[in-house]
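Each remark here refers to the structure printed beneath this line.
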Amino acid sequence: ERFMLRLDYANYFVDYTASRNDFRDRNDNTVSAYLFYLFRPKTSLFYEYEFVDVGYRDNVLSDSTEHHSFIGVQWDVTAKSKGSVKAGYGLKDFSNSGIKNNNEFIFEAQVDHKFTAKTSLLLKASRKTNETNISNTDYMISDFIEAQYIQKLTGKITANAGLSYGQNAYHSDITFGGRRKKLKDDYITGMLALQYKFKEWLEMDTGYLLGRRNSS
């Protein structure tokens, strides 16, 4: 009654149509195992282990494996509050012996709180490793935070406003304009949207999204 086991498997085929991005074509395989312990009626503690195998089709970027271990909590305590938070440790192990293996702190969090039946706030944050999109760098660390405000205007119309900030920090130094330094890209995105619900099974959305990147 208190323990639950969950297993996930995912396979991704990443294939870019532009020839300049051929070096990024790859296959990813991910296996995740979770052990949940229900210590309150609607709140669980859990441990998660995730294994990721990244295989590039060309030899420009190195293949790698990743091992992620998380401790987290998941709750759905009332009709107003639900979410999950997990934090842990990630190891990235490169096939190319010339690239140093790396350890990183990683986490994910999502909280959904309903203030009233018509008003809610969704918060998301994460820190994780991502594959690089620049051939002479190893990988990047992506930090991300987002807030969404959701307001039901009528029985059929819902408004959504969102703001997010993210940063990609590349692990290796790069040379640009005669200077060698770390590359960091900061992203700020704002969003406004409206949703119209014709039926329970049919809805339409329209919106405007503005994104800005500031690169070092």
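The values are calculated or read from the model by the stated rules, or taken from the named source; none is laboratory data. This one's a predicted model, so the numbers in the text were calculated from it and none came from an experiment. Here Cβ is always computed from backbone atoms with ideal geometry, including for glycine, and neighbour counts include all displayed protein chains. Please note that ligands, DNA and RNA were not included when accessible areas were found on the heavy atoms of the full protein model with its side chains. Shrake-Rupley method; radii C 1.70, N 1.55, O 1.52, S 1.80 Å.
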Residue check, Ala109 assigned to a strand (DSSP E or B) and either in contact with a helix residue (DSSP H, G or I) (Cβ under 7 Å, 6 or more places away or on another chain) or on the phi < 0 side of the Ramachandran plot (or both): yes
In the range 103-140, residues that are open to solvent by less than 30 Å² (accessible area, probe 1.4 Å), farther than 22 Å from Asp58 by Cβ and more than 19 Å from the chain's Cα centre (by Cα) total 2
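Filtering the range 24-72 down to residues that are in a strand (DSSP E or B) and of a type in the set (Val, Ile, Thr), which residue is surrounded by the most Cβ atoms within 10 Å (Cβ to Cβ)? Before the answer, list the steps.
We begin by selecting, within the range 24-72, every residue in a strand (DSSP E or B); these are 26-40, 43-56, 64-72.
Next, only the ones that are of a type in the set (Val, Ile, Thr) stay: 30-31, 43, 52, 54, 65, 71.
Details: Thr30: 16, Val31: 14, Thr43: 13, Val52: 19, Val54: 22, Thr65: 16, Ile71: 13.
For the range 24-72, the residue satisfying everything is Val54.
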Pairs please, first residue from the range 21-35 and more than 20 Å from Leu7 (Cβ to Cβ), second anywhere and outside any strand (DSSP E or B) and aliphatic (A, V, I, L, M), Cβ atoms under 9 Å, 6+ apart in sequence or on different chains. Asp22/Val60; Phe23/Val60; Phe23/Leu61; Arg24/Val60; Arg24/Leu61; Arg26/Leu61
Give just the number: which of (1) out of contact with any Gly (no Cβ under 8 Å at 6 or more places or on another chain); (2) loosely packed, with under 11 Cβ neighbours inside 10 Å does Leu183 not satisfy? (2)
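Can you tell me which residue among Lys100, Lys92 is touching a residue at least 40 places away in the same chain (Cβ under 8 Å), among the basic types (Lys, Arg) and either farther than 30 Å from Ala117 by Cβ or not in a strand (DSSP E or B) (or both)?
Numbers: Lys100 fails: touching a residue at least 40 places away in the same chain (Cβ under 8 Å).
The conditions single out Lys92.
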I'm told Asn21 meets every condition in (1) open to solvent by less than 60 Å² (accessible area, probe 1.4 Å); (2) in contact with a strand residue (DSSP E or B) (Cβ under 8 Å, 6 or more places away or on another chain) except one. Can you identify the failing condition by its number? (2)
Need the failing condition index for Gln167 against (1) part of a strand (DSSP E or B); (2) surrounded by fewer than 13 Cβ atoms within 10 Å (Cβ to Cβ), just the number. (2)
